[in-house]
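One structure below.
Just so you know, all these numbers are worked out from the coordinates, no wet-lab data involved. Since the structure is predicted, the reported quantities are computational estimates derived from the model, not experimental observations. Please note: Cβ atoms are built from the backbone with ideal geometry, for glycine as well, and neighbour counts cover all protein chains shown.
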Amino acid sequence: MSLKSVLRAPVRHALIGLTVVPVLTGTALAQVFDPTTFELDNGMQVVVIENHRAPVVTHMVWYKAGAADEPAGKSGIAHYLEHLMFKGTKTRVPGEFSKIVAELGGQENAFTSQDYTAYFQKIAPENLATMMELEADRMTNLTLTDEIIEPERKVILEERRSRTDNNPRALLSEQVSAATYLNHPYRLPVIGWAHEIETLTRADLEDFYGTWYAPNNAILVVSGDVDPKEVHELAKKYYGVISPRKLPPRVRPAEPEQLAPRDVVMRDARVEQPSWSRRYIAPSYSAGETKHAYALEILSEILGGGTTARIYRSLVVDDALAASAGAWYSPGDLDLTTFGFWFSPRPGVEMSEVEAALDVQVSALLKDGVSADELKRAQQRLIDGAVFARDSVGGPARVFGAALSTGETVADVEAWPDRIRAVTVDDVNAAARAVFDMRRATTGVLLPAQEGATPDAGEKRERKS
Amino acid sequence: MSIRLAPKCLAAVLAAPLLAATFFMSPSPARAMDIQSVVSDGGIEAWLVEDHSLPIVSLRFLFPGGAATDPDGREGLANMVSGLLDEGAGDMDSQTFQARLADQSISLSFDASLDTFSGNLKTLSRNRDEAFDLLRLALSEPRFDDDAVERIRTQILTGIAARANDPGRIANEAFWAATFRGHPYARPPVGTPESVAAITVDDLRDFVSGRIARDNLIVGVVGDVTPGELKALLDSSFGALPEKARPFDLPKTDPGAAGEVIVVQKDNPQARVIFGQRGLYRDDPDYYAALVLNHILGGGSFTSRLYEEVREKRGLAYSVYSYLLPMEFAALWLGGAGTENGAVSVSIDLIRKQWANIRSFGVTQEELDKAKANLTGSFGLRFDNSSSIAGLLVAVQQRGLGIDYVNNRNSLIDQVTLEGVNEVARRILDPDALTVVVVGKPENIDATHTIREDG
């Protein structure tokens, strides 16, 4: 991506991980990965993607439990627990896991989203068994003490300060999410509200662990230079011996009918470049009018897929009102997702003027629809993207882990190019008309502290006497 | 091109991956990487790793001479060129050119770091000829149409404004301004609002004609292309470039501001801390010992001493790290942390203490063995996709490490001894020489300089 994406839209479901390693978010790029799949006797799902280009394996375990599965009033548990999973177990002291992985030359991390929590290591193939042994151990044997959880609470509060509090755009994004969902827990930040992180107890963490961390709620994904038969044997040996648990139904509070648009305007002294976004509640692959999901992916490409897409071309190139602009849609949520637009105005241009120009584009879309040519070009780019997705060991593992954690199947992932190819102009237009309803829209505006505030004149250096 | 607005040290790390400690992780590749040197009929050399398992070709290219060569008053020129080469070329205006790329799923991007100007091309095999031709046009016949220039200029300026109060950016700029005062490295690679506003189309053309040429071109290619096919493609893309680049010379410099503690007063809830001192050049005989030492000090992500002391034991920071940054004209040993304002003072003390401790007492044999195991074990794991391998091929050529380097690199790590590591710790690490920059409202800190905002 080029400069055009520097002011990228706030992404609601930003995954947060143990360290500041960027992780993939956004549209799942799948295609025919041709995986081998099986299920262990205890209900653990296993997906193996062979890739023999390099002697590398990515080993991942995904739990179908994320921030949106936390009890009310206790935001942040899923992510806090993710950090604590790197501490000790009944037989391993805190930090031992990471030291073993490091000695083997492995790389590891973990991340938490609204819908899942995932742990992974990238290692040489001969170390796969060791990774399974360690990962299976912490699936059931985690030990938590106050000495372990208290320093980590401080780390997480620092993470929150670093990720969110230090960044006005991240703060606004949190406020906009809280307004976008009236009832569903996607309204809460994955990392949690600071005042709730401060009061989470060891019992809260142990309850969440005891409820959701079980083989029958987990997906093992192994990608790379492996033989599926050998992976099956190892999986049986290490994960297959863990007893399944009775799982509660995964039911979140549902959204009521949304009847009124919401505007969230935040002013912050740290802001010198305003920005704007609007999110419409939208179906995902798994929730709402799911038949629209693939058409919405194509619509997102037509509207926001780079510098030749409608939004950038009209607002940034032709009208020269915005410095940057685009659209996004993330279909891979277990529950209702959003379709969003964003822009950053050119200096001297009123926010309302750019917003009006965007409204003209949306109205024109609803009235005239997309063209057959636009559809065909967007389909080709998306389907080509699925070929590029194979040029990776970890990427395909993430695609399957995320899909299986959010209600999709392996067959759904494999059928993705065909489903994209099958979308018609009428499908795209129907999806647009179903989603772009202002009663289901939340607009977020980020502005400097006061009207007409001038950019920082520079910093004055003072010598200490 | 997302790095163009990144703090300069980050930009340098990303643009020259071999320079970063984190990129050096590795195993003895269980399988040797088969790198071929391909020379076209026109005399253009590229290193190639053939791989026909996917219908994809990745190409990376690099020209020495980046933002550090920007003329005074035109800071941000190299960066601006990198945003404009794909904004119209030959008889195609910006939208036409961009549509040709998009409709054939071709990724083409350019980057400017302090020391280099580089680019990446990635394409499906079926569009390979077209992709290489678009690259030729971008490098040889960029248009710099007025509307495109003003659009990209606006994007750069709004990008600068968007990051104006970002603590990480402020910390980096303050650090580099202080340590390289009077040297081009002191200047932000993206430029300032004033310098970006001053850049003209003539400046842009001058950069292209001066920096982009055959004699300083470095190319790495990975994927679905044979040596014979590549020869023709190299001549197609690069054959039309001028033969020689304009020479440039910058002085080598040691970082200054040793021992200074610079506080930039800002109202952020978490203070951003950057610290650093003189490091080692890439061709320093102790470079590999320093790499191992740094892994133990602050490079190993969940196992380093800094991680253990600052984060794991005390929960003072989410992120704390150190890394080596050898550049063309200076070498740094850098680190960073983010911590609440009340804990800045104790965190800096802890970091200095680790610095002092490892210098005075060295590392243990066990630490050394584990660090070497990680550095050798993880090296090959990084090269599991075509883009990362293309990046490796270019970085190895850039540093003059030789075509055997990739397959020999782990033995260089294995040869590092305890004495060697402890010697380099004594020679280089100096807690009193650390330059520390804090952006925030730190408490109980003894600053040598305080920078306040106007008004």
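What is the local net charge at A:HIS83, summed over the other residues whose Cβ is closer than 10 Å to its Cβ (Lys, Arg +1; Asp, Glu -1)?
That works out to -1.
What length, rounded to one decimal in nm, is gained on full extension from A:THR145 through to A:ALA364, with 0.36 nm per residue of separation minus their alpha-carbon distance?
72.9 nm
Report D for region A:222-264 in µm² per second (integer): Stokes-Einstein, Kirkwood Rh on Cα pairs, 4 °C, 1.567 mPa s.
Translational D for this selection: 83 µm²/s.
Residues in region B:238-282 near a label at B:LEU412, defined as backbone nitrogen under 20 Å from the 7 Å Cα→Cβ point?
B:279-282
With both partners inside the protein assembly as shown, how many of the DSSP beta bridges are antiparallel, as a percent to the nearest 5?
Bridges in the protein assembly as shown are about 80 percent antiparallel.
Would you kindly derive the ³J(HN,Hα) couplings of region B:241-257 from the backbone phi angles with the Karplus curve 6.51 cos²θ - 1.76 cosθ + 1.60 (θ = phi - 60°), listing them in order in whole Hz, with x for Gly and Pro?
6, x, 6, 10, 7, 6, x, 9, 8, 10, x, 6, 9, 9, x, x, 6
Extension gain A:ALA72-A:LYS291, at 0.36 nm per residue separation less the Cα-Cα distance, in nm?
75.7 nm
Set the Förster distance to 30 Å, then compute FRET efficiency between B:LYS313 and A:ASP263 from the Cβ-Cβ distance, nearest 0.05.
0.05
Just the number, please: Stokes-Einstein D of region A:351-444 in µm²/s, Kirkwood Rh from C-alpha pairs, 4 °C, 1.567 mPa s.
So the translational diffusion coefficient is about 81 µm²/s.
Taking every pair of Cα atoms in the protein assembly as shown, average 1/r, invert it to obtain the Kirkwood radius, and report Rg/Rh to two decimals.
0.93
Could you give the dipole magnitude of region B:142-301 about its Cα centre, charging the beta-carbon of Lys and Arg +1 and that of Asp and Glu -1, in debye to the nearest 20?
300
Rank B:THR226, B:TYR281, B:SER301 by how far each Cα sits towards the positive end of the charge dipole of chain B (+1 on Lys, Arg Cβ; -1 on Asp, Glu Cβ) and give me just the farthest.
B:SER301
For region B:159-168, just list the computed ³J(HN,Hα) in residue order, Karplus coefficients 6.51, -1.76 and 1.60, θ = phi - 60°, integers in Hz, with x standing in for Gly and Pro.
x, 4, 5, 5, 9, 4, 10, 6, x, x
Rounded to the nearest 20 Debye, what is the dipole magnitude of region B:226-358 about its Cα centre when Lys and Arg each give +1 and Asp and Glu each give -1 at the C-beta?
For this selection, approximately 300 debye.
Between B:THR226 and B:ASP145, what's the calculated FRET efficiency when r is the beta-carbon distance and R0 is 45 Å? Round to 0.05.
In this case the efficiency is close to 0.75.
Roughly what percent of Cα-Cα pairs across chain A reach past 43 Å?
More than 43 Å apart: 17 percent of the Cα pairs in chain A.
Pairs A:LYS74/B:LYS441; A:LYS99/B:LYS313; B:LYS252/B:LYS353; B:LYS313/B:LYS353: which exceed 24 Å Cα-Cα?
Over 24 Å apart, Cα to Cα: A:LYS74/B:LYS441; B:LYS252/B:LYS353.
Among B:THR116, B:ALA177, B:SER319, which residue has its Cα furthest toward the positive end of the charge dipole of chain B, with +1 on Lys/Arg Cβ and -1 on Asp/Glu Cβ?
Result: B:SER319.
Quantify how strongly other chains surround peptide B:78-84 by giving the mean number of their Cβ atoms within 10 Å of each of its Cβ atoms.
1
How far, in degrees from 0 to 90, does helix A:128-140 lean away from the longest principal axis of the Cα atoms of chain A, to the nearest 10?
Taking Cα atoms only, the helix is inclined about 80 degrees.
Under a no-solvent Debye model with one identical scatterer per Cα of chain B, what's log10 I(q)/I(0) at q = 0.09, 0.10 Å⁻¹?
So the normalised log intensities work out to -0.61, -0.76.
Counting only other chains, and only Cβ atoms inside 10 Å, what mean value do you get across the residues of B:373-380?
Other-chain Cβ atoms within 10 Å of each residue's Cβ, averaged: 5.
Cα axis of helix B:128-140 to longest principal axis of chain B: angle in degrees, 0 to 90, nearest 10?
Here the helix axis deviates by roughly 70 degrees.
Can you pull out the GluC sites (Glu not before Pro) in region A:216-276 whose DSSP state is coil and whose Cβ has at most 10 other Cβ atoms within 10 Å?
A:GLU257
To the nearest 0.05, how large is the calculated FRET efficiency for B:HIS52 and A:ASP227 if R₀ is 25 Å and r is the Cβ-Cβ distance?
The pair B:HIS52/A:ASP227 has a calculated efficiency of 0.70.
Net charge around B:ALA245, counting only other residues with Cβ within less than 11 Å of its Cβ (Lys, Arg = +1; Asp, Glu = -1)?
That sum, taken over residues with Cβ under 11 Å, equals +2.
Angle, helix A:351-368 long axis vs. longest principal axis of chain A, Cα atoms, 0 to 90°, nearest 10?
80
Figure the gain on full extension for B:LYS353 and B:ASP72 (residue separation times 0.36 nm, minus the Cα-Cα span) and round it to one decimal in nm.
97.2 nm
Taking amide hydrogens as modeled 1.01 Å from N in the peptide plane, which residues meet the under 5 Å criterion relative to B:TYR323, leaving out close sequence neighbours?
Residues meeting the criterion, in which the H sits 1.01 Å from N, are B:LEU334, B:GLY335.
Using the per-residue mean of other Cβ atoms lying within 10 Å as a proxy for protection, in what order, highest first, do the peptides A:372-381, B:302-311 fall?
Highest mean packing first, the order is B:302-311, A:372-381.
At 222 nm, what value in deg cm²/dmol follows for the protein assembly as shown if DSSP H runs of at least 4 each add -39500 (n - 2.57) and the sum is divided by all its residues, to the nearest 500?
Theoretical 222 nm ellipticity from helices: -11000 deg cm²/dmol.
Any idea what the dipole of the protein assembly as shown comes to, in debye rounded to 20, about its Cα centre with Lys/Arg Cβ at +1 and Asp/Glu Cβ at -1?
Rounded to the nearest 20 debye, it is 1180 debye.
So how do B:352-359, B:194-201, A:196-203 stack up, highest first, on mean other-Cβ count within 10 Å?
So the order, starting with the most tightly packed, is B:352-359, B:194-201, A:196-203.
How many Cβ atoms of partner chains, on average, are near each residue of A:375-383 if near means within 10 Å of its Cβ?
2
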